[in-house]
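Novice: The structure is given below, and queries will be raised subsequently.
The values are calculated or read from the model by the stated rules, or taken from the named source; none is laboratory data. Treat the numbers as computed from the prediction; the structure is a model and nothing was measured. Don't worry about glycine lacking a Cβ; one is built from the backbone with ideal geometry, like all the others, and counts go over all protein chains shown.
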Amino acid sequence: MSNIRHSLQIRHVDAGSCNGCEQELTALTSRAYDFQQVGLDWVASPRHADALLVTGPLSDAMARPVERVWAAIPAPKWRIAFGDCAAGCGVFQSAYATHGGFPKADLVIRGCPPEPGAALQQLRDAMRWTAIDPNRQVGD
Amino acid sequence: MVNPWIRQNVAMKEAHAELLTLTATRDHRLQATWLHPRSGCQEQVTLEASQEYFPSLTPMLPEVAWDEREIHDVFGYIPNGHPDLRPLLRTPRWPDNFRPLRDRPSARPAWRDAEPDNPALTVEGEGVTIMKVGPTHAGVIESGHFVFSLMGENVLHMDAHLFQNHRGVESLLEGQTVDAVGAIVTRICAADTVSHQTNWALAVEALAGYDSGAGLTLGRIVLLESERVLSHLNDLAQIPAGVGFQVAHQQALAIKEAWQRSLQRLYGHRFLFDTVRPGWVVPVDPEDLLRLVHAIRRQWTPWRRLVEGHHGFNDRMAGVGVTTLAEVIRFGGQGVVSRSAGKVFDARTLLPLYQDLRPVPVVESDGDVRARFSVRVQELEESLRLIEQAAARLRAMPRDARWCPPDAVSGQVVVYTESPHGLNVHDVAVVRGRVLRYHIRAGTYRNWPLLAHAVPGNAVADFPLINKSFELCYSCTDR
């Protein structure tokens, strides 16, 4: 039996990525990874989300929309930085129109872009923590 | 008396030349580089602008409307007579007078406390409703903001507000050493990364006078075509998803996954990042490549039979999101979008890179979703053929000696490749081994305005389908 207690519903926002992260996030829905069978999914509305996943170095034009999506997610909630750009260690950190990454992330998934198998494992690990103690931040 | 800048550029267009780039420099110089598609020759038109003004080409050449707005945003030069000089990539959050390519910012500007939205062009009148979509979306896609003017379900007008993903790549590249550029250029766009990397490699090699050997050239062709297969598989997977044809969507994603795992094994990266450098290409065993193509065909052929034999799917795509040849020519459309409407142009036929492999441009005439789908299907098979031919030649090829670019390379050059999204151009100026100016004009940039023309007249519910059939890059465009 799986030790998955609940589901983790994720809202994705692209904030200046090269589309590599988006393609790998889409791959998670394919039959090769099928992340829905373990209780993970993308949701269309922040109201349905447990977590906000951001890709890209946080372009200035997307900084406010990202925070607005975050504010619309009901607590308890978690912040996920996906990929090196969002993690603050990509090649575009010092470009003028970026904020250098997605700040205050509870979970950081590294890679340029992250390999979907490894990303799936990290998301599943995060599900365990968020299930045991909803108030515990993933990175604690 | 028409201004010579306008007259010369219009003459280029009338001679059926393709616009490679229209860009400016810090010293008030404007430069348009045109490509003659028969001879492959480039021709440049330059203008020394008087102070901050230059005569707008847009009334005569609507395809440069965005280029001139961009020059206005990042340099502050004003195109006199431009019919729509709203900000393109600039937002109300930019400080007054902040012109990133004129000022060379060493630090981030002090962003103003304002919303990032620019004014939208909408239709006014009784019964017209305005629907805003984005910049955040319900699915996993890149960020863009669209303002639809609707009458009932029908789209009257679509105003595309892109550049939500603008990072400032061209500014970041300025001042970089030749060694440092590759890692940045690779990541402009994951879907066109090999094309961007190859452009940079071709630029440095041209400036240094290095003549790459056949092994290097064939290695690059294999990578460029592998990227086309990957990108087309992705796009072909998305179009069925747009009409709820889940079986075709999932099966195409599975083929794409198999392809990416093979690329990872052969080249060390699922998107082929960091595989091409000046004087270098990641080595590969031709036998592995041939086995790979053979394996992918066994999955691909049944999938092609599935989608082509599904009448409901084909009927659903026919007649939706039509782009005409006249519009393609008027707006300088590129790539699959333009070939689906009857324009016979594929930069691969001009590139010395491809030598006698003779890629055949795939052309259809209907200009609808079905035509764009069909062109991608045929191009994918043509790419598999090119990979096989190149791999067969690579067998007998000795490895080229490693070449490193000299430290103090200097000069200016305009280079291009045919990316999966069309003519991809880099306009590069380097002084003693450091980048002075780096301008990137991806094929997608010219196709966005075409999308805005293809959508009106269709039901708004068909926008996702039309959008997926264009499959335009945001990251290449926004930079």
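Novice: Being over 28 Å from A:THR26 (Cα atoms) and in contact (Cβ under 8 Å) with a residue 40 or more places away in the chain is the requirement here; does B:GLY209 meet it?
Specialist: Values: over 28 Å from A:THR26 (Cα atoms): yes; in contact (Cβ under 8 Å) with a residue 40 or more places away in the chain: no.
For B:GLY209, the condition - over 28 Å from A:THR26 (Cα atoms) and in contact (Cβ under 8 Å) with a residue 40 or more places away in the chain - is not met.
Novice: Taking only pairs six or more apart or across chains, which ones have beta-carbon atoms under 9 Å, a first residue in the range A:99-113 that is more than 23 Å from B:HIS269 (Cβ to Cβ), and a second residue that is among the polar types (S, T, N, Q) and not in a loop (DSSP other than H, G, I, E, B)?
Specialist: Hits for this filter: A:HIS99/A:SER59; A:PHE102/A:THR55; A:ASP106/A:THR130; A:LEU107/A:GLN122.
Novice: Tally time: how many residues in the range B:311-354 are aliphatic (A, V, I, L, M) and part of a loop (DSSP other than H, G, I, E, B)? It would help to see each step written out before you state the result.
Specialist: Our first condition is that a residue be aliphatic (A, V, I, L, M); within the range B:311-354, this holds for B:317-318, B:320, B:322, B:325-326, B:328-329, B:336-337, B:341, B:344, B:347, B:350-351, B:353.
Then keep just the ones that are part of a loop (DSSP other than H, G, I, E, B); that gives B:318, B:320, B:322, B:341, B:344, B:350-351.
Total satisfying the criteria: 7.
Novice: A further question follows. Could you tell me which of the residues B:PRO278, B:PRO283, B:PRO302 is under 29 Å from A:CYS18 (Cα atoms), in the same structural domain as B:ILE184 (by TED's automatic domain parsing), surrounded by fewer than 19 Cβ atoms within 10 Å (Cβ to Cβ) and more than 20 Å from the chain's Cα centre (by Cα)? Steps first, answer last, please.
Specialist: Values: B:PRO278 fails: surrounded by fewer than 19 Cβ atoms within 10 Å (Cβ to Cβ); B:PRO302 fails: under 29 Å from A:CYS18 (Cα atoms).
Residue meeting the stated conditions: B:PRO283.
Novice: If you scan the range A:85-106, which residues turn out to be at the interface with another protein chain (Cβ under 9 Å from one of its Cβ atoms) and surrounded by fewer than 18 Cβ atoms within 10 Å (Cβ to Cβ)? Spell out how you get there, then give the answer.
Specialist: Going residue by residue through the range A:85-106, those that are at the interface with another protein chain (Cβ under 9 Å from one of its Cβ atoms) are A:85, A:90-92, A:94-100.
Within the range A:85-106, A:SER94, A:GLY100 qualify.
Novice: So, one more: Considering only the range B:154-173, state which residues are of a type in the set (Asp, Glu) and within 11 Å of chain A (Cβ to nearest Cβ). Let's see the steps before the verdict.
Specialist: So in the range B:154-173, the residues of a type in the set (Asp, Glu) come out as B:159, B:170.
Across the range B:154-173, the qualifying residue is only B:GLU170.
Novice: Using beta carbons and a limit of 8 Å, which pairs, at least six apart or on different chains, have the first residue in the range B:249-271 and among the small types (Gly, Ala, Ser) and the second one surrounded by 21 or more Cβ atoms within 10 Å (Cβ to Cβ) and assigned to a helix (DSSP H, G or I)?
Specialist: Every condition considered, the pairs that remain are B:ALA252/B:LEU233; B:ALA252/B:LEU236; B:ALA252/B:ALA237; B:ALA252/B:PRO240; B:SER262/B:LEU292.
Novice: Could you look through the range B:265-283, keep only residues that are under 22 Å from B:ASN234 (Cβ atoms) and of a type in the set (A, V, I, L, M), and pick out the one that is nearest to the other protein chains (Cβ to nearest Cβ)?
Specialist: Looking at residues that are under 22 Å from B:ASN234 (Cβ atoms) and of a type in the set (A, V, I, L, M), I get B:LEU272.
For every residue, the table says whether it meets (1) within 14 Å of chain A (Cβ to nearest Cβ); (2) among the polar types (S, T, N, Q); (3) touching a helix residue (DSSP H, G or I) at 6+ places or on another chain (Cβ under 8 Å).
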{"residue": "B:LYS256", "(1), (2), (3)": "yes, no, yes"}
{"residue": "B:LEU263", "(1), (2), (3)": "yes, no, yes"}
{"residue": "B:HIS294", "(1), (2), (3)": "no, no, no"}
{"residue": "B:TRP303", "(1), (2), (3)": "yes, no, yes"}
{"residue": "B:HIS310", "(1), (2), (3)": "no, no, yes"}
{"residue": "B:THR323", "(1), (2), (3)": "no, yes, yes"}
{"residue": "B:GLY333", "(1), (2), (3)": "no, no, yes"}
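Novice: Let me ask another. Filter the range B:366-390 for residues that are surrounded by 19 or more Cβ atoms within 10 Å (Cβ to Cβ) and of a type in the set (S, T, N, Q) and give the result.
Specialist: Selection gives B:SER374, B:SER383.
Novice: Further, regarding this structure: Taking the criterion of being within 12 Å of chain A (Cβ to nearest Cβ), under 23 Å from B:LEU290 (Cβ atoms) and aliphatic (A, V, I, L, M), would at least one residue in the range B:234-241 satisfy it?
Specialist: Here is the first cut: in the range B:234-241, the residues within 12 Å of chain A (Cβ to nearest Cβ) are B:234-235, B:237-238, B:241.
Remaining after also requiring under 23 Å from B:LEU290 (Cβ atoms): none.
No, every residue in the range B:234-241 fails to be within 12 Å of chain A (Cβ to nearest Cβ), under 23 Å from B:LEU290 (Cβ atoms) and aliphatic (A, V, I, L, M).
Novice: Are there any pairs, at least 6 apart or on different chains, whose C-beta atoms fall under 8 Å, with the first in the range B:392-419 and outside the structural domain of B:HIS196 (by TED's automatic domain parsing) and part of a strand (DSSP E or B) and the second at pLDDT 85 or above and surrounded by 13 or more Cβ atoms within 10 Å (Cβ to Cβ), and if so, which?
Specialist: none
Novice: Continuing with this model, one more query. Does B:GLU382 count as at pLDDT 90 or above, in contact with a strand residue (DSSP E or B) (Cβ under 8 Å, 6 or more places away or on another chain) and closer than 28 Å to B:GLU18 by Cβ? Before the answer, list the steps.
Specialist: Working: at pLDDT 90 or above: yes; in contact with a strand residue (DSSP E or B) (Cβ under 8 Å, 6 or more places away or on another chain): no; closer than 28 Å to B:GLU18 by Cβ: yes.
Answer is no for this residue.
Novice: Would you mind finding the one in B:VAL133, B:VAL123, B:VAL64 that is of a type outside the set (Phe, Trp, Tyr), within 14 Å of another protein chain (Cβ to nearest Cβ) and in contact with a strand residue (DSSP E or B) (Cβ under 7 Å, 6 or more places away or on another chain)? Before you say what the answer is, go through the steps one by one.
Specialist: On the way: B:VAL123 fails: within 14 Å of another protein chain (Cβ to nearest Cβ); B:VAL64 fails: within 14 Å of another protein chain (Cβ to nearest Cβ).
Being of a type outside the set (Phe, Trp, Tyr), within 14 Å of another protein chain (Cβ to nearest Cβ) and in contact with a strand residue (DSSP E or B) (Cβ under 7 Å, 6 or more places away or on another chain) holds for just one of B:VAL133, B:VAL123, B:VAL64, which is B:VAL133.
Novice: If you check every pair at least six apart or on different chains, which have Cβ atoms under 9 Å apart with a residue in the range A:62-79 that is more than 8 Å from chain B (Cβ to nearest Cβ) first and a residue that is exposed (fewer than 13 other Cβ atoms within 10 Å of the Cβ) and among the charged types (D, E, K, R) second?
Specialist: What qualifies is A:ALA72/A:ARG47; A:ILE73/A:ARG47; A:PRO74/A:ARG47; A:ARG79/A:LYS104.
Novice: Run B:SER262 past the list (1) part of a loop (DSSP other than H, G, I, E, B); (2) closer than 25 Å to A:PRO114 by Cβ and report the number of the one that doesn't hold.
Specialist: For B:SER262, the failing item is (1).
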